[in-house]
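Scroll down for the structure; my scribbles are underneath it.
What follows is calculated from the coordinates using simple rules that are stated; it is not laboratory data. Remember, it's a predicted structure, so these values are computed and weren't measured experimentally. Neighbour counts run over all protein chains shown; Cβ positions are idealised from the backbone, glycine included.
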Amino acid sequence: MDKDDSFKLEIVNENEKASKPAGFNLDQTLEEVDQFIQKLVPGENKFVKCIDPLQELVDSRIALYEQKEPAAKFGLNIDEDNSFFEAVRRLSLIVNNLDEFPSDLAAISCLNRASSAHFRAMLLFECEFRALLDNPRRTGDPNVDPKSPNTDGSQGSSKPEEEFPYFSSQSIHVMNQIATAMIFAGYEAECCTVYGGLRLKALDVEFSKQCYENINVDDVQKMSWESLEGEIDNWIHIMKFCTTNLFPAERNLCDSVFSDNRLTAQRLFCDLATSLSIRLLNFPNALVWPRRYSTEKLFKFLDIYETLRDLANLDIGNDSSTEEFMSETSMAQCRIGGAVVSIFSQLENSIKNDNAGRTPVAGGAVHPLTRYTMNYLKYACEYKDTLEQVFQKQDKVQGSPRQKVVEQESKDVTEDDDRCPQLSPFALKLMMVMDLLDANIEMKSKLYRNPALRLVFLMNNGRYILQKIKESAEIYEMMGPSWSRKRTSELRRYHKTYQRETWSNVLQCISHEGVQVNGKVSKPILKERFKNFNTIFDEILKTQSSWIVSDGKLRSELRVSISSVVIPAYRSFLGRFKSYLDNNKQAGKYIKYQPEDIEELIEQLFEGNTASMAPRR
């Protein structure tokens with residue numbers, strides 16, 4: 001300890017000695033006061049004898065504390081501070097029990113002096129409480145360097161914290177003593193007013209650091225979506241900061257400062273959390289006013305909903321003080337949930353109203369609406385649990401016709417199959433979207449004049465839908481295995497019908513039946529068969545090589561199935577009747593392809609080769 005510190009400590013010790021009345025024994029005085037309060041024994045001499053020294057001690061200590069800097073009045077001498085708080089506590093007991101004491105004039109005069117000292121102590125506490133709250137980075141000890149480690153062995157650390165709320169443990173300890181003393185003395189309202197006002201101010205500062213701006217309905221209406229999207233991201237960041245950092249830290253501070261008054265701590269924290277939350281909720285509330293949002297905006301609103309859910313799940317207590325917080329949060333969550341349902345429902349409307357033009361997609365490829373819808377659903381179902389919750393809360397209709405249809409479909413599933421689980425409101429909505437998409441694809445398939453191309457279009461879109469559902473575990477779970485099996489069966493049916501529509505005429509040309517007349521091979525019929533085969537095959541090759549099957553597996557399946565029926569039949573027909581043509585020149589005129597050529601050409605189908613595209617649909 002250097003000379004300056006020693007000199008300061010000597011001055012403090014001398015002042016403390018001077019603050020005690022001559023012959024004063026604090027422990028004895030406190031004991032006498034306790035006995036007097038406990039028994040409430042009348043007697044002016046004993047009353048004055050125990051009260052006057054206590055009042056004089058408090059007055060003298062207050063005078064010393066008032067000379068010190070704000071936010072540094074306590075903490076230098078912990079023993080002396082504790083004795084002062086004990087003395088004030090006894091005065092509080094006396095003042096709060098005045099009605100129990102005799103109405104003797106001398107006693108009243110003594111009690112008035114005690115009340116005056118008591119009131120001065122409360123003013124001192126309130127001012128110091130305010131100063132400590134208003135200067136969180138002050139250590140409470142003017143003689144301790146906040147950058148140096150605590151080595152004096154005193155209770156608690158005097159080093160200020162680097163993270164919110166920045167109070168040192170020593171400052172929190174002093175605030176706890178002050179809050180406990182004020183509430184015990186009947187000054188709870190004053191204590192809470194100071195605490196609540198200054199902590200709200202401190203939280204406002206933290207909000208400013210996070211670049212928070214209060215955006216109202218008018219602001220939202222004027223902003224572009226790009227700007228609004230940035231504000232949503234910032235709002236979500238601030239909300240997460242509040243729920244994970246700010247509110248827990250503030251809750252810990254409340255519990256520490258008011259550790260002896262848990263209900264007060266609960267109420268104060270709840271008031272602060274409610275005040276801040278209502279400000280934060282202004283933004284999502286403003287978003288759901290008359291402005292309409294397109295389907296792509298769904299995901300930002302789901303992010304907002306999840307953020308509000310985290311706020312609603314914040315543990316702030318369960319008494320009456322939390323009612324406003326829970327009510328405001330629940331209302332905002334409900335409004336955003338309503339917006340989510342409205343935005344998602346626009347997907348249904350976009351499918352219903354998608355009648356753009358009367359021109360089919362070239363080559364029977366996957367329709368853009370199919371791609372958009374399935375990718376949208378796949379991304380949306382990454383929020384499956386949230387959407388389930390939203391639609392569950394928003395669903396007000398019981399026993400809808402769609403539900404009855406689904407229940408009937410579930411009954412049709414055989415005993416040895418996986419049964420469809422009870423469908424949630426969101427699962428029902430998802431199935432309605434799929435039904436609408438199916439109907440739309442069916443309608444668009446009728447734009448194709450070529451029946452085979454119509455079937456390729458249905459296969460392309462059906463396979464794309466099925467693959468997207470299988471890729472998404474969330475969608476597959478909601479649609480159920482029976483739905484996938486049904487869709488797979490439909491694709492097989494399209495495939496068989498396509499093969500029949502396209503290749504039945506080809507197979508008729510190379511059928512053995514009808515080639516013989518009166519037991520002999522008819523060369524004119526044989527030549528006509530080869531000629532027709534070449535013409536039909538060339539036309540199919542020219543037309544269907546421009547068709548598109550983008551799914552590699554489906555394209556391979558189609559080619560394999562075509563080859564498996566056409567090539568064996570052609571090889572058999574060629575081997576059986578080639579020799580009946582007169583010479584090589586005549587054979588070359590009618591036999592245009594070898595089986596290997598047919599196989600190679602079939603591999604060119606469905607490549608989307610526009611150079612070979614036929615002039616007709």
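Side notes on the structure shown:
- Distance from the stretch 539-576 to the stretch 314-368 (C-alpha centre basis), Å: 46
- Distant alpha-carbon pairs in the stretch 447-612 (separation over 18 angstrom), percent: 65
- Pairwise Lys count, the stretch 447-612 - Cα closer than 21 Å, eight or more residues apart or different chains: 27
- Annotation note: trypsin sites (Lys or Arg not before Pro) in the stretch 447-553 located in DSSP loop regions with a Cβ neighbour count of at most 13 within 10 Å are Arg449.
- Per-q log10 I(q)/I(0), the stretch 186-350, q = 0.09 Å⁻¹ (Debye; single scatterer per alpha-carbon; no solvent): -0.34
- Ranked by the mean number of other Cβ atoms within 10 Å of their residues, highest first, the peptides 259-272, 165-178 fall in the order 165-178, 259-272.
- Cα centroid separation, the stretch 278-293 to the stretch 482-535 (Å): 64
- Filtered trypsin sites (Lys or Arg not before Pro), the stretch 272-369: DSSP coil and at most 10 other beta carbons within 10 Å: Arg292, Arg358
- For the pair Glu442 and Ile278 in one chain, pulling the backbone fully straight at 0.36 nm per residue adds 54.1 nm over the alpha carbon distance.
- Förster-model FRET efficiency, 22 Å R0, Asp204 and His237, C-beta, rounded to 0.05: 0.80
- Proximal charge balance of Ala189 [Cβ under 14 Å; K/R count +1, D/E count -1]: -3
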